[in-house]
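Since every read-out is calculated from the coordinates, none of them should be taken as a lab result. Being a predicted model, the structure only gives us computed values, none of them experimental. Virtual Cβ from ideal backbone geometry, glycine too; neighbours counted across all protein chains shown.
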Amino acid sequence: MKKSIFILGGALLCLSMTTTSCSRKITRIATDTTVDISGRWNDTDSRLAAEELSEEILTGNWITDFVQKSGKKPVLIVGLVRNKSHEHIESETFIKDIEKALIQRQKARVVQGGKMREEMRAERSDQQDNSSISTIKKFGLETGADYMLQGNINSIVDAHKKQKVVYYQIDLELTHLQTNEKVWIGDKKIKKLVKN
């Protein structure tokens, strides 16, 4: 008898779990729609910060000076943007948002960096043995960057009872690769009030 009640109770529990999970509704929305559910860093923060900072980078005096001296667009490489915040932030998404914004404005050229650059070099190496002579891509012809963009994402959380303020600060620096001179420094601040 106890075994039958236990099995019946388990079946009812499974049935109630199935019913509740079926009540979830998912709606597709535009990727540029602002949705902030948790108060944590999200895709909107990444996109908006990247767009604003890219705009600042490309309107700085350094770019005018470079174009006047060289007569060409500067070449940038986006280095590491370190996550020093209290939560997991996929900084690669933010880096890609920055690169995209820089390329779209067409005031500077962007070259590949990091692991993707290494993958391209491995392909070029493979071509030396496996491609026809007329299609081999040669070593030593990469476009060298004039400047490197690097930075950090930091955060501060202030919480009391059912409220908290989450503050993010993204700091970026653009450095001339030949001279190590910092030619631009910018930041973007984001502050969110979360009430539970």
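Within the stretch 62-78, restricting attention to residues that are assigned to a strand (DSSP E or B) and crowded, with 17+ Cβ neighbours inside 10 Å, which residue is nearest to the chain's Cα centre (by Cα)? Write out each step before concluding.
Taking the stretch 62-78 first, the residues assigned to a strand (DSSP E or B) are 75-78.
Those still in the list that are crowded, with 17+ Cβ neighbours inside 10 Å too: 76-78.
Working: 76: 16, 77: 14, 78: 11 Å.
Looking at the filtered set, the residue picked out is 78.
Name every residue in the stretch 141-158 that is acidic (Asp, Glu) and without any contact (Cβ under 8 Å) to a residue 12 or more places away in the chain, in order of residue number. Matches in the stretch 141-158: 158 only.
Filtering the stretch 89-140 to residues that are within 19 Å of residue 173 (Cα to Cα), outside any loop (DSSP other than H, G, I, E, B) and without any contact (Cβ under 8 Å) to a residue 40 or more places away in the chain leaves 92, 95, 96, 99, 103, 109, 110, 111, 114. Would you confirm whether any residue within the stretch 47-61 is farther than 18 Å from residue 155 by Cβ, free of Cβ contacts under 8 Å to residues at least 60 places away in the same chain, crowded, with 18+ Cβ neighbours inside 10 Å and of a type in the set (Gly, Ala, Ser)? So far as the stretch 47-61 goes, yes, one or more of its residues are farther than 18 Å from residue 155 by Cβ, free of Cβ contacts under 8 Å to residues at least 60 places away in the same chain, crowded, with 18+ Cβ neighbours inside 10 Å and of a type in the set (Gly, Ala, Ser). Could you list all residues from the stretch 141-166 that are within 30 Å of residue 185 (Cα to Cα), outside any strand (DSSP E or B) and of a type outside the set (S, T, N, Q)? Of everything in the stretch 141-166, those that are within 30 Å of residue 185 (Cα to Cα), outside any strand (DSSP E or B) and of a type outside the set (S, T, N, Q) turn out to be 142, 144, 145, 146.
For the stretch 25-45, indicate whether the set of residues that are assigned to a helix (DSSP H, G or I) and without any contact (Cβ under 8 Å) to a residue 40 or more places away in the chain is non-empty.
The answer is yes; a qualifying residue exists.
Among the residues of the stretch 147-181, those identified as within 22 Å of the chain's Cα centre (by Cα) and charged (D, E, K, R) are 171, 173.
So that you can scan it fast, the table gives a plain yes or no per residue for (1) of a type in the set (S, T, N, Q); (2) under 24 Å from residue 73 (Cα atoms):
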| residue | (1), (2) |
| --- | --- |
| 100 | no, yes |
| 108 | no, yes |
| 120 | no, yes |
| 124 | no, no |
| 129 | no, no |
| 132 | yes, no |
| 140 | no, yes |
| 149 | no, yes |
| 160 | no, no |
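Do the conditions hold for residue 106, that is, is it surrounded by fewer than 11 Cβ atoms within 10 Å (Cβ to Cβ) and under 30 Å from residue 66 (Cα atoms)? Criteria met by residue 106.
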